[in-house]
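Data block below; observations after.
Only the coordinates and a few stated rules stand behind these numbers; no lab work does. Values in this document were obtained by computation on a predicted structure and should not be read as measured data.
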Amino acid sequence: MKGFAAQALLLSILLVLCAGSAQAEIFRWTDTDGKVHYSDNPPPEAKVQQRKLRDNKVESTKESYETRQAAQVAPVSLFVATDCKEICDQARKLLSTRKVPFSERMVKTKEDVEALARLTGKKEPRAPTLLVGSKPLEGFEADSWNGALDVAGYPKAP
């Protein structure tokens, strides 16, 4: 049993020594030639930029949690045409003000018009058309667009 106790003690000592090195400091420096170095030993110069490994942080995304959740459930698409300048700009502004991520699709060809007609259920759809999830809203009306975005869970404009 004495041999086992000695091995257990030795193993415990090794684990303690290894655990101490897990929180070692990492040094970063640039030499006179412009080469960047990383090491657990400090650089020969006095200026040192230190980083501890456990201090790394993940950058947050620019969309809020609520916006990301709503975008997963009800993604937004804006269908525009070349002849809807001012009103399409108003539509974009509404979405941008509410910080709603959206894809924009230009309706140019006959096939584009037919695809939009299938989405809206109308023979001659008009631009702009907003698609929130599977719900199409034809023509720009701020109140109805805001209502559809509210129902989908997108945060209101700040």
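Would you mind telling me the antiparallel percentage of the DSSP bridges in segment 65-152, rounded to 5?
So the antiparallel bridges amount to about 60 percent of the total.
Determine ³J(HN,Hα), in whole Hz, for all residues of segment 111-123 in sequence, where each value follows from phi through the Karplus function 6.51 cos²θ - 1.76 cosθ + 1.60 and θ = phi - 60°; x replaces Gly and Pro.
For segment 111-123, the Karplus-derived couplings read 5, 4, 5, 5, 5, 5, 4, 5, 5, 8, x, 10, 5 Hz, x marking Gly and Pro.
Per-residue HN-Hα couplings for segment 30-42, Karplus 6.51 cos²θ - 1.76 cosθ + 1.60 at θ = phi - 60°, whole Hz, x for Gly and Pro?
The phi angles translate into 10, 7, 5, 8, x, 7, 8, 10, 10, 7, 8, 9, x Hz.
Can you work out the Karplus-derived ³J(HN,Hα) for every residue in segment 144-154? Use 6.51 cos²θ - 1.76 cosθ + 1.60 with θ = phi - 60°, whole Hz, and x for glycine or proline.
Computed from phi, the couplings for segment 144-154 are 5, 5, 4, x, 5, 5, 4, 4, 6, x, 6 Hz.
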